[in-house]
Amino acid sequence: MNPEGFLEVITGPMFAGKTTELIKRIERQIFAKRKAALFKPSIDNRYSEDHVVAHNGLKYEAFVIPNNEEGVKQIYDITKREGYEVIGIDEVQFFPMSIVEVLNKLADENIYVIASGLNLDFKGDPFEVTKELLVKADNIIYLTAVCTICGAPATRTQRLINGKPAPRNSPIILVGGSEAYEARCRKHHIVP
Ligand code: ADP
Ligand code: TMP
Ligand code: MG
């Protein structure tokens, strides 16, 4: 019931409940009296500077870490220094590839690591960091949202610019919420 030395990945499109699931899992570990912490990249300032916040308002205090090589090193150093037994990382797709090795190493060193992030960008192409973590994971939690067009399970994220589907040459990184993104099924996901 209390995994250790374990790498778990929570993935799926936007609005699937990834952040909610991550907070729930961290909270359960705290109830189990294990020393646990959440990390999030500083790029994600959508709802709060010092909390992980879900689209439904659920929130949890977090270490805010720069989404660069220095930040990846900080995750390792803070975990070791504070003696965390369980760590959660939200928006893992925003970190550089080096996070894969670091999270894998922490799992090898008996930490229960839970990484949450997007599998696919708005074009339907993989985020390489998540992709690499998925193949190394001990457990995968794959979540779907609800398609805003037809109500079917949504596995894709539609980016909208002024209400219109964003073109393929739009930049990959664009932090946002429901003003710029919708959950969609395969049939209703459009990339002009
Ligand atoms: P994620 O981190 O995967 O984007 P969150 O945990 O932040 O997801 O938010 C999930 C919440 O988003 C749901 O509980 C629901 O309240 C809300 N939500 C908004 N739009 C949708 C949608 N199209 N499908 C499912 N949930 C949605
Ligand atoms: P969420 O999965 O918790 O909803 O957050 C996803 C974040 O990723 C949100 O800030 C929007 C951003 N994002 C991109 O930068 N590029 C993309 O292609 C997609 C789909 C999302
Ligand atoms: Mg989220």
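In this structure, ARG186 does not qualify as over 30 Å from ALA36 (Cβ atoms), basic (Lys, Arg) and touching a residue at least 60 places away in the same chain (Cβ under 8 Å).
Of everything in the stretch 66-80 that is over 13 Å from LEU106 (Cβ atoms) and over 14 Å from the mean Cα position of the chain (by Cα), the residue that is surrounded by the fewest Cβ atoms within 10 Å (Cβ to Cβ) is GLU70.
For the structure I just gave you, tell me whether VAL129 is closer than 28 Å to LEU7 by Cα, within 16 Å of ligand 3 (Cβ to nearest atom) and either crowded, with 16+ Cβ neighbours inside 10 Å or of a type in the set (Gly, Ala, Ser) (or both). It is true that VAL129 is closer than 28 Å to LEU7 by Cα, within 16 Å of ligand 3 (Cβ to nearest atom) and either crowded, with 16+ Cβ neighbours inside 10 Å or of a type in the set (Gly, Ala, Ser) (or both). Take the conditions at pLDDT 95 or above, within 16 Å of ligand 3 (Cβ to nearest atom), surrounded by 15 or more Cβ atoms within 10 Å (Cβ to Cβ) and charged (D, E, K, R) and apply them to GLU91. Does it pass? Considered against the rule, which asks whether it is at pLDDT 95 or above, within 16 Å of ligand 3 (Cβ to nearest atom), surrounded by 15 or more Cβ atoms within 10 Å (Cβ to Cβ) and charged (D, E, K, R), GLU91 comes out as yes. Considering each of LEU22, LEU103, LEU7 in turn, give the residue that is within 16 Å of ligand 2 (Cβ to nearest atom) and modelled with pLDDT of 95 or more. The unique qualifying residue is LEU22. Looking across the stretch 42-98, the residues that are within 16 Å of ligand 1 (Cβ to nearest atom), of a type in the set (Asp, Glu) and touching a residue at least 60 places away in the same chain (Cβ under 8 Å) come down to ASP44, ASP90.
The values are calculated or read from the model by the stated rules, or taken from the named source; none is laboratory data. Being a predicted model, the structure only gives us computed values, none of them experimental. Counting neighbours? That spans all protein chains shown, and the Cβs are built from the backbone with ideal geometry, glycine included.
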